[in-house]
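What follows is a single structure, written as structure tokens, with notes after it.
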Amino acid sequence: MLTMFVATAGLLGACGSNGPDNAASPADTQTVDTAPASTSEAPTSEATPAATVASTTSAPATTTPSTTTSQRPVPEGELAFSSHVLPVLETMCAQCHTGNGPGTAHMRIDSAAQVAANADIISASVITGEMPPWPASALSVEFSDQLLLADHEVEAIRQWAQQAELDVDPQTVIQSAVGVVGLDEPDMVLVPDAGYDGYLYEPDQYRCYIYDPGFTEPQWLTAYEFVPDQTEIVHHAIGYKLPASARPDAEALDAESPQQGGWPCFGGSGVRGSGIFLGWAPGQGPTALPEGSGLAMQPGDFIVIQVHYHFEVDAPADLSSLAIELADAGADLDPVNIVEFLAPAEIPCSSAETGPLCDRDQAMAAALAKYGDEGVLADTILAICRKTPADFAHMTEGLASAACDLPMRERGTIVSVLGHQHELGASFRMTLNPDTPDERVLLDIPEWDFDWQYNYYPVEQIDVAPSDMVRIECTWDRSLRDPSLEPAYVLWADGTDDEMCFATIVIREG
């Protein structure tokens, strides 16, 4: 198991910002695509190497728990937009669909006029449960800013949408009441020296870039946001914090790459001394660390971000950026750490499938040829969890599952929890101290959706110690696999069509 620095990013409330917005005028009608995505532009010029853009210093963003559905009363009086619909939109929708939120790629509700123009779409989305997205089930501990609509709220939106009448000025601004929409005034925005445009004949490509904040004195990072540029090809990203002593090695890898835009890397950054502090996957936005805590940065420390590209379409060179906020000089904060828990991902071909890659050894050889030892952790994780391929060989009916119990190895208070799988994921669960009187389900996702991988923030204080155990459980469904792919045994590897099963728990010391 790996113990690493600070969070695999995550949503505060729901969604996050993804760069400068190109909003239409408030009265414009937008069409909506219910598939989540993000759009962005590189906030700084490609001509500025590892550009650092200073802006007005603002206080670190924080998230405040929203009122749960059981606590929100039914508004009194006749049905009206101002009393029955607007509060729901500001609590549940505005953090994604206003300003710089990722939902603005599909629908904007910056004004009451835009809400009215999209009333039918909004109504249909909440009635079917597509919006707001909230994969976690009630078996989980209670989380801040839960995106769960009460029945009376759904019904109010349905009834109002039939006429879509406004009892407020159409230009009334819709503002998010919770969460962080985006780091609108970060202290720095970093971009790499050059972008990477890849090639279509190899779908999965990993590139690592240097992002240099140029620190000359100790600093605390209090909030940060990975902003994907070419969203059609950016699959996910991992950020690593490195010391000044590792800079020559990173620069050497960059210089050795025959292609412009970082260097090829699988499994990690390829530079010794890397410690994870950030992660991004679809649906995620900024991370604002709890008040009084931060990520310590020393003079010369720099960042390497590994970006996983999945090329199904051609795209311009990617210049994804990193926005950061810093604590005031001289601040004394509690450090934040991240603990990663890994479980096997072993998914045999079904009894109805045949082909050479249905043999695990051949599937393993094919993955190693693509990603090397660092990008194929299947056997390593089996060993950690004391499992063998034979434990999964009987799972030939199209469904597979895995579990692993691992020690916490950290002491502190849980800030957030996250689960990760790829596109065959069917369900996910993370349990603290399973099969004991102290058992707590930290996160239960009964219907996995790759497009919504949140960091979830428990409402109550949950303290952990090295004596605690964590169980990670994943299930997969082979029917979700692209039917155009050759039948193959799916195992833990770096490709989009491979699988993973892991979780992170962010711990605040102190």
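The values are calculated or read from the model by the stated rules, or taken from the named source; none is laboratory data. Owing to the predicted nature of the structure, the values given are computational and were not obtained by experimental measurement. So basically every Cβ, Gly included, is an ideal-geometry build from the backbone, and we count neighbours across all protein chains shown. We work out accessible area using only protein heavy atoms, side chains counted, and drop any ligands, DNA or RNA first. Shrake-Rupley method; radii C 1.70, N 1.55, O 1.52, S 1.80 Å.
Quick check: anything in the range 465-472 within 22 Å of residue 389 (Cβ to Cβ) and in contact (Cβ under 8 Å) with a residue 40 or more places away in the chain? The answer is yes, given that some residue of the range 465-472 is within 22 Å of residue 389 (Cβ to Cβ) and in contact (Cβ under 8 Å) with a residue 40 or more places away in the chain.
Of the strands (runs of 3 or more DSSP E) that lie entirely inside the range 401-489, those containing 1 or more residues that are over 25 Å from residue 509 (Cα atoms) span 425-432, 440-445, 469-477. The set of residues from the range 351-383 being buried (at least 17 other Cβ atoms within 10 Å of the Cβ) and touching a Leu at 6+ places or on another chain (Cβ under 9 Å) comprises 360, 363, 364, 366, 367, 375, 376, 377, 378, 381. For the range 253-287, taking the residues that are outside any loop (DSSP other than H, G, I, E, B) and open to solvent by 10 Å² or more (accessible area, probe 1.4 Å), the one that is nearest to residue 104 (Cα to Cα) is identified as 280. Residues considered: 344, 299. Of these, the only one that is surrounded by 19 or more Cβ atoms within 10 Å (Cβ to Cβ) and assigned to a loop (DSSP other than H, G, I, E, B) is 344. State yes or no: is residue 203 under 26 Å from the mean Cα position of the chain (by Cα), free of Cβ contacts under 8 Å to residues at least 60 places away in the same chain and open to solvent by 10 Å² or more (accessible area, probe 1.4 Å)? When the stated conditions are applied, residue 203 does not pass them.
Can we say residue 442 is touching a helix residue (DSSP H, G or I) at 6+ places or on another chain (Cβ under 9 Å) and either open to solvent by 60 Å² or more (accessible area, probe 1.4 Å) or touching a residue at least 24 places away in the same chain (Cβ under 8 Å) (or both)? In short, no.
When the range 123-138 is limited to residues that are open to solvent by less than 20 Å² (accessible area, probe 1.4 Å) and hydrophobic (A, V, I, L, M, F, W, C), the one that is nearest to residue 73 (Cα to Cα) turns out to be 126. Here's a check for you: in the range 139-165, which residue that is without any contact (Cβ under 8 Å) to a residue 12 or more places away in the chain and farther than 18 Å from residue 116 by Cβ is least open to solvent (accessible area, probe 1.4 Å)? Ranking the qualifying residues of the range 139-165, first place goes to 155. Residue pairs whose Cβ atoms lie under 6 Å apart, separated by 6 or more positions or on different chains, with the first residue in the range 209-233 and closer than 13 Å to residue 187 by Cα and the second of a type in the set (A, V, I, L, M, F, W, C) and surrounded by fewer than 19 Cβ atoms within 10 Å (Cβ to Cβ), are 220/331.
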